[in-house]
1. Each residue of the range 36-41 in turn: what ³J(HN,Hα) in whole Hz from Karplus with 6.51, -1.76, 1.60 and θ = phi - 60°, glycine and Pro shown as x?
2. What nm value, rounded to one decimal, do you get for the distance between Arg23 and Ile105 when each label is placed 7 Å out toward the C-beta?
3. Based on the Cα coordinates of the range 64-128, what is the per residue volume of their convex hull in Å³?
4. In nm, to one decimal, how far is the modelled label at Leu112 from the one at Lys31, with both set 7 Å along Cα→Cβ?
Amino acid sequence: MSHHRSSVTSPEIAPSHCSLRKRRAQLISRKLLHAAHVMGPTLIALSLAGAANVAHAQGTMDFSGAQTLMSTFKTFAMYAGAVICLGGLIFAGIRMMSGRFQDAIPGLFGALFGAGVLGWGAGWIGSLTGQQM
């Protein structure tokens, strides 16, 4: 008694497999239609608003926001440099007062780094925008 399979699929399996594909395709198409229905009016409104604003914006560029942002970065660099420098000096001072001079060296380098951020960092940012210290 030899058992061999035929290469023909049974009629019960094939229709259910095809109906599963059809259901998946219908589900995906419903989701896409729903997304287009929800997002369509918004995309149309944005494209019309953008086309109307392009004509009004020709030849005008306002960099006041960029100047304000760079001023904020410069202020942050100054404060951060001052805090790093002060923290390094306090760390080094505590180590030196306890007699551990070699442990104070990293604090001194930290103070030097903070001074670099304070001076060079803020100066470089100011040079990008033409602002003086």
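1. Running phi through 6.51 cos²θ - 1.76 cosθ + 1.60 with θ = phi - 60° gives 5, 5, 6, 8, x, x Hz.
2. Here the modelled spin labels are 7.4 nm apart.
3. Working: hull volume 3.0 nm³, N = 65.
Convex hull of Cα atoms, per residue: 46 Å³.
4. Inter-label distance under the simple model: 6.0 nm.
Values quoted throughout were computed directly from the atomic coordinates according to the rules given, and no laboratory measurement underlies them. These numbers were taken from a predicted model, which means no experiment stands behind them. Neighbour counts are summed over all protein chains in view; Cβ atoms, including those assigned to glycine, are modelled from backbone coordinates with ideal geometry.
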